[in-house]
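Structure, as structure tokens:
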Amino acid sequence: MEIRLDKYLADMGIGTRSQVKQYIRKKQVQVNGSVPNGPQQKVAVGKDIVTFQGAEVDYAVYEYYMFCKPKGCVSAVTDNCHDTVVDYITDRKRKDLFPVGRLDIDTEGLLLITNDGSLAHNLLAPGRHVPKCYQAKVSGQVTEEDVELFSKGVEIGEEHPTLPAELKILSVEKEKGDDLWISQIELVITEGKFHQVKRMFEAVGKSVIDLKRISMGPLKLDDSLKPGEYRTLTEEELKLLCQ
Ligand code: URA
């Protein structure tokens, strides 16, 4: 693949297109050890060696990160008030990364961050019904009736009820020194309606206190990632996602 030198540098976040043109004019950029003809010079990706101020600039066409979203940041690329999930990916090469789907500001857990639009489309297209598994702490006693109801679909105030969802009760206990029941659950849903998990529990008179996504399709959250941490996807994970 060949691309223009100014695009190569701008894609890798060296500067805006006009900034990198200046750097090229000021001879701060070299290609294979020589000063290039100009910003329009073609670069063979993976073959030509491009340096900026003496440091090599590798080109990445796509990047894929598994991120454990913490509470308090937004699933967006820019925001005026809060950190975004993309702000956490400090080692990124590409400046066009985005989160695949959204988690609420107070939800934590698995988010895939990439610049691969076609992979994102495949995971998010409503017709694909990609399963997403959440763990939640719920106030109230989640019951077998709720399990039954969720397995048929729940009315959450939309035109149609939710698709069948698999609810597993992990525990139902009273918190120490408290008179309130707390349930720990796992829920697998195959759609992505706004606040879906919270609304499903509200529909049965309970409320979600803590919510964490632990998988999306074949991608499982790496337990070793703490909220706010990320790593690149392994080859194996990428292969599974692309199947
Ligand atoms: N369902 C919710 O209610 N919130 C999320 O962040 C994800 C799913």
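The values are calculated or read from the model by the stated rules, or taken from the named source; none is laboratory data. Keep in mind the model is a prediction, meaning the values are calculated, not measured. Backbone-built Cβ (ideal geometry, glycine too); neighbour counts: all protein chains shown. Only protein heavy atoms, including side chains, enter the accessible area calculation; ligands, DNA and RNA are left aside. Shrake-Rupley method; radii C 1.70, N 1.55, O 1.52, S 1.80 Å.
Report, by residue number, each residue of the stretch 188-206 that is more than 9 Å from the ligand (Cβ to nearest atom) and either open to solvent by less than 50 Å² (accessible area, probe 1.4 Å) or part of a helix (DSSP H, G or I) (or both).
Answer for the stretch 188-206, where residues must be more than 9 Å from the ligand (Cβ to nearest atom) and either open to solvent by less than 50 Å² (accessible area, probe 1.4 Å) or part of a helix (DSSP H, G or I) (or both): Val188, Thr190, Glu191, Glu202, Ala203, Val204, Lys206.
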Before we move on, is Ala76 in a loop (DSSP other than H, G, I, E, B), under 30 Å from Ser215 (Cβ atoms) and in contact with a Phe, Trp or Tyr (Cβ under 9 Å, 6 or more places away or on another chain)? yes
Scan the stretch 29-54 residue by residue and report those that are open to solvent by 30 Å² or more (accessible area, probe 1.4 Å), assigned to a strand (DSSP E or B) and closer than 12 Å to Ile3 by Cβ. Lys42
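Is it the case that the stretch 106-114 has a residue that's open to solvent by less than 70 Å² (accessible area, probe 1.4 Å) and out of contact with any Leu (no Cβ under 9 Å at 6 or more places or on another chain)?
no
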Any idea which of Gln135, Gln184 is open to solvent by 30 Å² or more (accessible area, probe 1.4 Å), in a strand (DSSP E or B) and touching a residue at least 60 places away in the same chain (Cβ under 8 Å)? Gln135
Hits in the stretch 115-128 (condition: touching a residue at least 60 places away in the same chain (Cβ under 8 Å) and open to solvent by less than 40 Å² (accessible area, probe 1.4 Å)): Leu119, Leu123
Please enumerate the residues belonging to the stretch 108-134 that are of a type in the set (Gly, Ala, Ser) and within 19 Å of Lys220 (Cα to Cα). Gly109, Ala120
Cross-chain or 6+ apart pairs with Cβ under 7 Å, the stretch 220-236 first and in contact (Cβ under 8 Å) with a residue 12 or more places away in the chain, then assigned to a helix (DSSP H, G or I): Gly228/Tyr88; Tyr230/Tyr88
On the basis of being within 16 Å of the ligand (Cβ to nearest atom), buried (at least 16 other Cβ atoms within 10 Å of the Cβ) and assigned to a loop (DSSP other than H, G, I, E, B), does Gly101 make the cut? yes
Listed by first then second residue, the pairs whose first member lies in the stretch 84-111 and is free of Cβ contacts under 8 Å to residues at least 12 places away in the same chain and under 25 Å from Val197 (Cα atoms), whose partner is part of a strand (DSSP E or B) and away from the ligand (no atom under 15 Å from the Cβ), with beta carbons under 6 Å and at least 6 positions apart or on separate chains, are none
Some residue of the stretch 154-169 being of a type in the set (Ser, Thr, Tyr), at pLDDT 95 or above and surrounded by fewer than 18 Cβ atoms within 10 Å (Cβ to Cβ): no
Does the stretch 207-215 include one or more residues that are over 24 Å from the mean Cα position of the chain (by Cα) and at pLDDT 95 or above? yes
